[in-house]
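So the structure is just underneath, and the comments pick up after that.
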Amino acid sequence: MPCTTILVGKKASYDGSTIIARNDDSGSGHYTSKKFAVIHPEEQPKIYKSVISHVEIELPENSMRYTAMPNAEEGEGIWAACGVNEAHVGMTATETITSNPRVLGADPLVRYQPAKDGKEEIPGGIGEEDIVYIVLPYIHSAREGVKRLGSLLEQYGTYEMNGIAFQDADEIWWLETIGGKEKYSFDKKNDTDEVGIVRGLAWTSVGGDTLEIEVNIMPGKGEFQLTGQLGDVMKESAQAGISYIRSVSEEYHIPKKFFQENDIHIHIPEGAVPKDGPSAGITMATAMLSAITKTPVRADVAMTGEITLRGRVLPIGGLKEKILAAKNAGIKTICVPKKNEKDIDVISPEIKKGLKIVFVEQMKDVLDVAFAKK
């Protein structure tokens with residue numbers, strides 16, 4: 001059974017206590033014996049060196065007495081992954097599966113590289129076996145634990161994914177390491193209104209994200225190209241979008257032979273990450289019409305919604321995560337399908353603060369908001 005952490009808040013316990021508990025993992029037919037250790041301030045090293053990653057960390061002077069549960073027998077690592085200090089702050093670290101290839105592709109784990117072929121060794125980051133020793137003796141609250149561990153992760157990184165719980169008499173805090181070292185920076189909105197570039201909103205397994213869609217128009221023979229590892233659903237959305245634009249071409253003064261004499265290329269950057277799902281239709285249609293008519297799109301607008309052949313805007317999912325992504329990107333106005341109005345109502349006012357949410361039913365509603373006024 002893998003390591004498992006149990007968190008019990010004050011409202012969930014009989015007497016108003018906070019509780020954290022865990023088990024140690026153990027493979028079938030295997031048992032690792034543990035020992036209970038009490039580490040006094042004079043026993044705490046000034047410089048900690050990880051057995052597994054060989055990283056060396058200078059420790060503060062003000063160590064408190066604390067407990068730990070290291071392996072009883074010497075082997076690969078210490079694995080003293082839980083304990084309590086004299087300020088009555090407890091903590092435990094276990095592995096987690098929260099991360100995914102997309103996160104690790106952007107922020108690889110900081111792994112130990114031994115000396116080889118005349119090259120010096122490169123220490124790795126910190127992991128489950130190290131965290132109690134370098135954090136617990138120096139914190140007076142659960143909140144302080146998160147701050148200290150966060151600063152250490154920024155400096156040294158980690159070689160594995162962990163979930164770490166900190167507990168004091170009033171609070172429990174939970175921190176997960178899902179990447180090696182870097183803090184994630186959100187894509188920011190463009191500085192200026194541009195032709196053929198529109199900011200869409202997407203849902204991913206790690207939350208919301210913004211999706212910049214670019215369209216170029218070139219002299220050609222009416223070819224239609226899509227790049228950026230788009231899935232089948234997004235390709236169909238793009239086809240629906242161009243069919244809608246052709247049906248309203250007279251309204252936007254598009255020459256009759258335009259689609260026979262020009263090629264249209266839709267591209268979504270970050271092409272190594274596959275993208276799919278029925279929520280980018282209005283974004284692609286807006287980008288295409290912007291490029292065809294040479295009309296700039298407002299840089300502070302983002303949108304999400306599917307499109308039909310007649311230009312109707314269909315509802316989507318993952319709205320809360322998408323709105324958070326838009327807010328982090330500096331977006332001020334978001335076009336949302338009218339049929340998602342009930343979903344907006346249940347989203348926290350704090351999340352929606354500072355955002356103008358416009359409900360749209362037709363592509364005309366979208367374009368009225370997105371196109372920069374001449």
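Brief remarks on what is shown
- The requirement of being out of contact with any helix residue (DSSP H, G or I) (no Cβ under 7 Å at 6 or more places or on another chain), among the small types (G, A, S) and assigned to a helix (DSSP H, G or I) is not satisfied by A299.
- Sole residue being in contact with a strand residue (DSSP E or B) (Cβ under 6 Å, 6 or more places away or on another chain), closer than 22 Å to P137 by Cβ and either in contact (Cβ under 8 Å) with a residue 60 or more places away in the chain or surrounded by fewer than 16 Cβ atoms within 10 Å (Cβ to Cβ) (or both), chosen from I52, I57: I57
- I47 being farther than 30 Å from S17 by Cα and either among the aliphatic types (A, V, I, L, M) or in contact with a His (Cβ under 8 Å, 6 or more places away or on another chain) (or both): yes
- The helices (runs of 4 or more DSSP H) located wholly in the range 314-361 that include 3 or more residues which are among the hydrophobic types (A, V, I, L, M, F, W, C) and closer than 22 Å to T286 by Cα occupy 319-328.
- Filter pass, G125 being under 20 Å from the mean Cα position of the chain (by Cα) and touching a residue at least 12 places away in the same chain (Cβ under 8 Å): no
- Among the residues of the range 294-304, not a single one is surrounded by 16 or more Cβ atoms within 10 Å (Cβ to Cβ) and over 21 Å from N190 (Cα atoms).
- Reported count of residues in the range 262-272, each being assigned to a loop (DSSP other than H, G, I, E, B) and crowded, with 16+ Cβ neighbours inside 10 Å, is 1.
- Considering residues of the range 151-196 that are of a type in the set (F, W, Y) and surrounded by fewer than 17 Cβ atoms within 10 Å (Cβ to Cβ) only, the residue modelled with the lowest pLDDT: Y184
- Within the range 337-350, not a single residue is closer than 29 Å to I264 by Cα and in contact (Cβ under 8 Å) with a residue 60 or more places away in the chain.
- For the range 16-38, the count of residues that are at pLDDT 90 or above and at positive phi is nonzero.
- Some residue of the range 248-261 being of a type outside the set (D, E, K, R), crowded, with 23+ Cβ neighbours inside 10 Å and either more than 13 Å from I213 (Cα to Cα) or modelled with pLDDT of 90 or more (or both): no
- Residues considered: P70, P101, P114. Of these, the only one that is surrounded by 14 or more Cβ atoms within 10 Å (Cβ to Cβ), without any contact (Cβ under 8 Å) to a residue 40 or more places away in the chain and of a type outside the set (S, T, N, Q) is P70.
The values are calculated or read from the model by the stated rules, or taken from the named source; none is laboratory data. These numbers come from a predicted model, not from an experiment. A quick note on method: Cβ atoms are made from the backbone with ideal geometry, for glycine too, and the neighbour counts reach across all protein chains shown.
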